[in-house]
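This report concerns only the one structure given below.
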Amino acid sequence: MTDTADREIVTTAVIAAPRARVFEGWVDPVQMVQWWGPNGFTTTMQEMDMRPGGVWQFVMHRPDGVDYKNKSIFEEIVTPERIVFSHLSGPAFRMTTTFDEGGGRTTVTMQMVFESAKERDQAVKVFGAVEGAKQTLARLEQHVTRPS
């Protein structure tokens with residue numbers, strides 16, 4: 001196994017909700033558009049085929065009107081434990097998201113591994129990837145803990 005520390009971003013959040021609920025919020029496209037992305041962003045889902053080899057395409061809309069087209073391919077889905085996909089639109093990365101349950105809470109860990117340290121650094125500087133990932137997980141928590 002190779003060391004990826006210099007080209008990865010890892011973000012973790014402990015969410016006060018059962019794992020099945022958190023996982024459902026992640027894999028249901030109707031729910032996902034309600035929380036995906038950093039604060040202020042909205043998402044238009046184009047396609048979300050949740051199976052290995054399935055395509056996931058969406059557009060993230062920044063509050064100032066800038067749009068970011070995204071395309072990914074799902075590699076692995078283990079309900080309700082793990083989702084792995086390759087993000088093909090620039091910057092390219094592989095994301096593994098895990099859902100670990102304990103004590104009625106779910107620890108969600110997103111690990112993005114970029115092709116190089118330079119690409120990781122660019123994602124941090126240009127796109128605010130670290131803060132964006134934290135905000136995205138906070139929005140997921142707000143979504144899955146909101147009273148029905």
What residues from the range 75-94 fall in the zone where the backbone N is under 15 Å from a label point 7 Å along the Cα-to-C-beta line of Asp64? none
Take the alpha carbon atoms of the range 85-100, find their center, do the same for the range 11-26, and report the distance between the two centers in whole angstrom. 17
Ignoring any ligand, DNA or RNA, what whole percent of the accessible area of the chain comes from carbon and sulfur when the probe is 1.4 angstrom? 51
What dipole magnitude, in Debye to the nearest 20, does the chain give about its Cα centre under +1 on Lys/Arg Cβ and -1 on Asp/Glu Cβ? 280
How large is the accessible surface per residue of the chain, computed with a 1.4 Å probe and reported in Å² as a whole number? 52
Along its principal axes, what span do the Cα atoms of the range 26-77 show, with the longest given first and each in whole Å? 34, 19, 14
Kindly identify the chain as rounded, prolate or oblate by the Cα gyration tensor criterion: order the square roots of the eigenvalues as a ≥ b ≥ c, call it rounded if a/c is under 1.5, otherwise compare a/b with b/c, prolate if a/b is larger, else oblate. rounded
The chain, relative contact order [Cα under 8 Å, separation at least 6], %: 31
Using modelled amide H (1.01 Å from N, peptide plane; none on Pro or chain starts), what sits under 5 Å from the amide H of Phe93, excluding residues fewer than 5 places away? His87
Spin-label model distance (nm) - Met45 vs Ser86, 7 Å beyond Cα toward Cβ: 2.4
For the chain, the charge dipole (Cβ of Lys, Arg +1; Cβ of Asp, Glu -1; about the Cα centre) points to a positive end, and the Cα of Phe127, Ile73, Val84 closest to that extreme belongs to Phe127
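The values are calculated or read from the model by the stated rules, or taken from the named source; none is laboratory data. Keep in mind that what you see is a predicted model, and the values were worked out from it rather than measured. Here Cβ is always computed from backbone atoms with ideal geometry, including for glycine, and neighbour counts include all displayed protein chains. These area figures cover heavy atoms from the full protein model, side chains too; ligands, DNA and RNA do not enter into them. Shrake-Rupley method; radii C 1.70, N 1.55, O 1.52, S 1.80 Å.
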